[in-house]
Amino acid sequence: MKLLRYSGYAFFAILALVGIGASTLFFILYFFSPELPNHNFLKEYSPDLSSRVFLRDGSKLCEYASEKRYFIPIGKVPQKLINAFLSVEDKHFFEHTGVDFHGVARSIIKNLENLGSGKRPQGASTITQQVARIFVIKNNEISYVRKIKEAILSYRIENTLSKMQILELYLNQIYLGLGSYGVAAAAKTYFDKTLDELTIAECSYLAALAKGAGNYHPEKHKDKAITRRNWAITRQLEDGYISPKEAENASKEELKIIKQAPSPDIAEYFSEEIRKYLIEKFPFESLNKEGLIIRTTLDATLQRCVYKALRKGIEEVDRRFGWQGPVAEINVKKSQKEILEKLRGIPVPNGMGEFLRAVVISNKNTVIMTEKNEFGTVAEADVKWAKKLKVGNVIFVSPSENGKSKGLFSIKQLPRVQGAMVIVEVDSGRILAMQGGYSFLQSEFNRATQAMRQLGSAFKPFVYLAGLENGFAPNSIIDASPIEIDLGNNIGIWKPKNYQGALLDKITFRRAIERSINTATVRIAQEVGLDKIAKIAEQFGVFEHMPELLSYALGAGESTLLNLTTAYAMLANGGKKITPTMVEYIQDKRGKVIYKMDGRIVENNMSHDAKFPPKLNDNRQQILSEQSIYQLTSLLEGVMQRGSGASSNFLNFPMAGKTGTSNDSKDTWFIGYTPDIAVGVFIGFDDHAKSLGKNANGTNTALPIFIDFMVEAKKYLQPKPFRVPKGIKLRKIDMETGGTPLENGRNTLIEALKEEEDEGDLNRQNTTERNRIINLIDNEKIDSSDSVAPIIGVY
């Protein structure tokens, strides 16, 4: 009887407890549900993704992100990585409905045991609860109220999304340290790998980071990191995901983090131009969050060539202005350890990061010690240049190109001179390389796109092109004698001079541009008309609007290096209109192309019954006649063979180009092109009023940079002649007289003449004029050799 009585009490007690529990649960749901945020947006959730920028060859240039994250669909995540996270974070993930009650019980017991110990309370958050916290609650406060909210939301999420959808959200959103959100970004950051390349040990380490990545930093807390990773490996073994042998091998694997090289300075100017372009085209939030894929036109190989050639050229021009002196002084009577500490503590100026700090420790042979505790000597030429180098001087050095193994070093300094260089693909306008200054860290101002500088003789080709379009031929005779021009309005008389004050009488159209004769150029401009020259300059994009002033014919106008180089690119392609561009295409995060540079249409399809192969429809505008433009290209080839560009002849590569020097040598240029690329070089101080020196010109400042570039770049370029268009006849003429060649064949060259330029024109000069020029040649007053012509004109 007693037994029945006690059984009845137990029943009612249990019933009461159930009732209390149900009431409590009802109260919790009633109290917390109204203030819980809506979780339904998770069905359509799209995470913030990094927008990535790639080079022409597919390698990454840079990325823009508020959070570094690459979205990976759950079907693309390797099972071994999923297993690692399940073992570490939620063993019963596929069994519970949002809350793991076994885990909750364990954590309660553990927290009771730790009462008063000061230890942080433990949780038992499932992956679903973590998704609720990260996406919906967005609060990391440790409290039972938050845990209750998580539990309710987790249950709702489990009834809204599938288990795999929840895993997808979790693995793409979780923060895993070093600025990486999601497993794909973390794999790239820590191991420079894609997910399918990860080992079991690497998967285990990433899973171990889920609980406080900062506590398991691979370098600062390496021992703790390895212990935590090995614990994750053991958990997978216990759960049956890996074999004992796999666990043993994974535990022995070194925790080796692959440090990705920082974005190289060699492409920083281009990266910044891309950033500005994208911000103009897309809202800032889109750029940082929409996961755009941007394929650029930058050619990594040519960019390296440009970077190296421009920096070397700027350094060489800067050396003409002398040594700036030591950056600091050190007492070398101290111990070697103390000297090294002092040396390594000296700040490195922006732009000098590639070089070594060094201190002179002996005047005899100028012995130095570098920050790497290496000993060597300064090159003799540098010692003479620096002059006042003495013991204790701290300098920047780099191993000499031919002396690295011998411990020979060159002195380096941050240049005061600046410059820029750009490469444009002539058929498309693609910018293949760009360097806007000596160093982006030194100065972010891009002198290729932002600096408006006086063009000098680099503009003259467009004057001569106007001449070729308006009745002049390459062998026309031009009056090159001194000229005086009344500028009117009581402004005064303008007397344009030739370089170094050279006086001439008559000269052929070809030789006038090859030798950059100012007086001949002005007369061509007068006869053609400034309106025609201005129109051509505007059509080629040199100027937006060119004032009709004669001084502009000699390059008094200002433009950018990119504008001028693109204009020359249009000479190289036969006069087809192109626009410089940095972007090939842009894709959204789903891979849909939302922008494409190449708008050409394919004619004929690839169907089996097509009569002709596919053909790209060339929709580029023809600016001027191909014949006149080819004639100008032929003239500019002459500049490279006999004029200011003749020092490049050893390259043995089809090239055309022109140097330029502004008034008082404040700006110097070389713009050249092959049948495939146009190359522009500018050198000058950022202070427009400062001269590069009275003897500085495009030939001895900008041209050597082009030559250094071509020495390397020609390995990757295809040598081929410029295409001769229909309507051009190639005829032998005398280079100096423009008429038929002399009997002895001296001074003969092949000239490009239009069909309408009658063959009889070759004999149009009268005998007196012809004999006069021949006598000048014989008396060596006109250089007719194949070597460099006398420097006459603004180069």
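The values are calculated or read from the model by the stated rules, or taken from the named source; none is laboratory data. In this text the structure is predicted, and so the values were computed from the model without any measurement. Here Cβ is always computed from backbone atoms with ideal geometry, including for glycine, and neighbour counts include all displayed protein chains. When the accessible area is computed, the model is the full protein with side chains, heavy atoms only, and any ligands, DNA or RNA have been set aside. Shrake-Rupley method; radii C 1.70, N 1.55, O 1.52, S 1.80 Å.
Quote the relative contact order of the range 332-395 in percent (integer), defining contacts as alpha-carbon pairs under 8 Å separated by 6+ residues.
Relative contact order here is 32 percent.
Rounded to the nearest 0.05, what FRET efficiency do W231 and S398 give with R0 = 60 Å and r taken as the Cβ-Cβ distance? Could you check?
Given R0 = 60 Å and the Cβ-Cβ separation, E is 0.80.
Which value, in Å² rounded to 10, gives the accessible area of W494 with a 1.4 Å probe and all protein chains present?
Accessible area of W494: about 60 Å².
In what order, largest first, do L255, L530, L408 sit by accessible area if the probe radius is 1.4 Å?
Highest to lowest solvent-accessible surface, that is L408, L530, L255.
Using θ = phi - 60° and the Karplus curve 6.51 cos²θ - 1.76 cosθ + 1.60, what whole-Hz ³J(HN,Hα) does each residue of the range 547-554 get, with Gly and Pro shown as x?
These are the phi-based 3J(HN,Hα) values: x, 8, 10, 4, 4, 5, 5, 9 Hz.
Whole-Hz Karplus ³J(HN,Hα) for the range 533-542, in order, using 6.51 cos²θ - 1.76 cosθ + 1.60 and θ = phi - 60°, x for Gly and Pro?
My calculation for the range 533-542 gives 5, 4, 4, 5, 4, 6, 4, 8, x, 5 Hz in order.
Could you rank the peptides 325-331, 238-244 by their average count of other C-beta atoms within 10 Å per residue, with the highest value first?
Result, highest mean first: 325-331, 238-244.
Starting with the highest mean, order 56-69, 461-474 by the number of other Cβ atoms within 10 Å, averaged over the residues of each peptide. Spell out each step's value before the answer.
On the way: 56-69: 16.6, 461-474: 23.3.
Put in order of decreasing packing, that is 461-474, 56-69.
K729 to K390: extension gain in nm, 0.36 nm per residue of separation minus the Cα-Cα distance?
Going from the current span to full extension adds 115.4 nm.
Using packing as a proxy for protection, rank 515-523, 417-425 so that the peptide with the highest average count of other Cβ atoms within 10 Å comes first. Before the final figure, lay out the partial values.
Details: 515-523: 25.3, 417-425: 27.1.
Order by mean packing, descending: 417-425, 515-523.
Label points 7 Å out from Cα along the Cβ direction at E380 and Y585: separation in nm?
5.9 nm
Under a 5 Å amide H to amide H cut-off, with H placed in plane at 1.01 Å, what residues pair with F409 once short-range neighbours are removed?
Placed amide hydrogens put T377, V378, A379, S400 under 5 Å from F409.
Would you work out the relative contact order for the range 376-461, in percent, from Cα pairs under 8 angstrom that are 6 or more residues apart? Spell out each step's value before the answer.
Numbers: 89 pairs, mean separation 16.5, N = 86.
Result for the range 376-461 is 19 percent.
Ignoring ligands, DNA and RNA, how do K252, K91 rank by accessible area with a 1.4 Å probe, largest first?
K252, K91
Once you put a point 7 Å from the Cα of K714 and another 7 Å from the Cα of N373, both along the Cβ direction, what distance in nm separates them?
Result: 4.6 nm between the two label points.
May I ask you to give the percent of accessible area on the range 483-585 that is carbon plus sulfur, with a probe radius of 1.4 Å?
On the way: 1890 of 4110 Å².
Carbon and sulfur: 46 percent of the exposed surface of the range 483-585.
Defining a contact as two alpha carbons under 8 Å apart and six or more residues distant in sequence, what relative contact order in percent does the range 453-520 show?
Relative CO of the range 453-520 lands at 38 percent.
Find, among the GluC sites (Glu not before Pro) in the range 179-232, those assigned to loop by DSSP (not H, G, I, E, B) with at most 12 other beta-carbon atoms within 10 angstrom.
The qualifying sites are E219.
Quick one: if the Förster radius is 60 Å, what FRET efficiency do K211 and K334 give, using the C-beta to C-beta distance and rounding to 0.05? Numbers along the way, then the final one.
Working: r = 49 Å, r/R0 = 0.81.
That gives a FRET efficiency of 0.80.
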